[in-house]
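What follows is a single structure, written as structure tokens, with notes after it.
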Amino acid sequence: MYRETNKHYKFDWITIILFFMLVGFGWVNILSASHTGDTIDYFDLEHSYSKQLIFIFFTIGLIIILLSIEAKFYERFSSVIYIISMISLVGLFLFGKNVNGATSWYAIGGLTIQPSEFAKVATSLAIAKHISDLNTNIKNFKDQIQAFLIITVPAVLVLLQNDTGSTVVYAAFFFVLYREGLPKYYLVIGVFLILISIFALKFGAIFTSIVGSIIILLAYYLNRKKAVFAKSLLYIIVTVLVASGVRFFYQNILKPHQQDRISLWLRLEKDPEELQRMKQTFAYNLNESEKAISSGGFSGKGFMEGTRTTGKFVPEQHTDYIFSTVGEEWGFLGSAGVVILFVLLLLRILHLAELQKSQFSRVYGYGVAAIIFIHFLINIGMVMGIIPTIGIPLPLFSYGGSGLWAFTILIFIFIKLDSNRINEW
């Protein structure tokens with residue numbers, strides 16, 4: 001551990017206050033979602049709210065450690081931290097514990113640790129280190145490939161553990177790369193592939209290929225002076241290959257429960273009886289979540305007064321579906337308040353990131369904001385039925401020690417880096 005002398009620090013208390021407000025209100029909702037209706041016993045570790053209280057207690061100690069380490073430590077040892085994190089992900093294939101079909105946890109006594117949560121921190125540090133290196137120019141293809149590899153390695157390892165939700169989060173780093181100068185055509189290609197994929201699933205590969213080809217040829221005709229026919233032809237070929245490949249991947253690679261979730265989201269199933277079966281199985285959590293949120297009305301039913309919450313109608317309500325508790329017991333006002341807190345936290349982090357004198361600190365700050373944003377967007381979208389259910393927690397809010405500690409590390413490393421601005425030249 002590095003200790004600093006003769007240096008001055010100014011911690012951003014706005015970010016710290018927002019952090020504890022989210023953690024505190026999250027615990028209140030975990031208490032409501034996990035209590036059994038009997039007398040509340042804060043020291044009975046059989047209850048999720050008691051365990052979360054212990055996690056929060058250790059979080060305070062973790063914060064003290066993170067803020068006491070020299071700011072430059074995180075930059076100097078970012079590569080080492082990344083390598084150790086990747087080794088921990090590989091180790092899961094040998095020593096991991098399978099929970100709900102995903103081999104993503106180490107079991108240590110009665111405690112389980114999820115390395116994929118901490119891998120996001122390590123990847124943020126590694127990306128920041130790579131981009132801020134004097135020899136790196138993100139506009140060069142070679143440096144882009146290196147950045148993509150840094151992101152892809154943990155994403156693939158997590159995907160192989162059958163943890164799709166955590167894998168999707170790594171897409172957040174493309175926002176970071178874009179901020180640092182990644183060519184715009186990557187963003188265009190990404191949006192193009194997503195749209196082609198959705199259309200291919202919804203309307204079929206042939207229809208999508210025909211419509212896509214017509215649009216590309218029309219664009220070529222309107223821009224003949226600038227457009228090259230060979231390039232337009234390449235776009236058509238890519239459109240056909242992607243549309244066909246997505247259908248093949250959906251029908252032959254994805255597991256049945258994954259197909260059902262996508263089918264339900266895009267309303268692909270035409271048979272009413274089959275659609276009803278899917279709703280009763282894979283959409284049960286979603287349906288109950290939507291009922292809980294809508295029943296809260298404008299001001300909610302009150303703390304521990306939510307009938308669907310206390311009745312345990314929503315499975316996993318203290319983890320991935322914690323926002324449904326907010327909707328039922330605190331209503332629109334409480335839900336809007338949570339969204340506002342997250343937006344304020346994101347805006348504050350982005351504001352501080354732009355103030356950084358060090359590129360490493362700025363890139364890392366954008367990584368922090370991007371990861372929190374993706375978690376926040378997908379979780380709330382999932383709970384409200386806007387995004388397919390993929391199983392991803394709400395940062396600082398959902399139950400779980402690994403998630404809470406990982407986000408604490410993620411945020412407070414940045415707070416430490418930001419506090420060192422006064423010492424940087």
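Here are the numbers for the structure shown:
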| read-out | value |
| --- | --- |
| Cut-off under 5 Å, modelled amide H: who pairs with Lys97 long-range | Ser104, Trp105, Tyr106, Ala107 |
| Two-site label geometry, Ala107 and Leu67: point separation in nm, points 7 Å out along Cα→Cβ | 3.8 |
| Helix-derived mean residue ellipticity, 222 nm - over the chain, DSSP H n ≥ 4, -39500 (n - 2.57), to 500 | -23000 deg cm²/dmol |
| Carbon + sulfur, % of accessible area of the chain - ligands and nucleic acids excluded, 1.4 Å | 68 |
| Tyr42 paired with Lys142, simple spin-label distance in nm, labels 7 Å along Cα-to-beta-carbon | 5.9 |
| Given Lys139/Lys184; Lys255/Lys291; Lys291/Lys312; Lys139/Lys416; Lys129/Lys416, the pairs whose alpha carbons are separated by over 18 Å | Lys255/Lys291; Lys139/Lys416 |
| Top positive-direction residue, dipole computed over the chain with Cβ charges, set Leu347, Gly302, Tyr220 | Tyr220 |
| Solvent-accessible ranking of Leu222, Leu350, largest area first, probe 1.4 Å | Leu222, Leu350 |
| Å² per residue, accessible surface of the chain at 1.4 Å | 50 |
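The values are calculated or read from the model by the stated rules, or taken from the named source; none is laboratory data. Because the structure is a prediction, the values reported are computed rather than measured. Cβ: placed from backbone, ideal geometry, glycine included. Neighbour counts: every protein chain shown. Remember, those area values only see protein heavy atoms, side chains included, never the ligands or the DNA or RNA. Shrake-Rupley method; radii C 1.70, N 1.55, O 1.52, S 1.80 Å.
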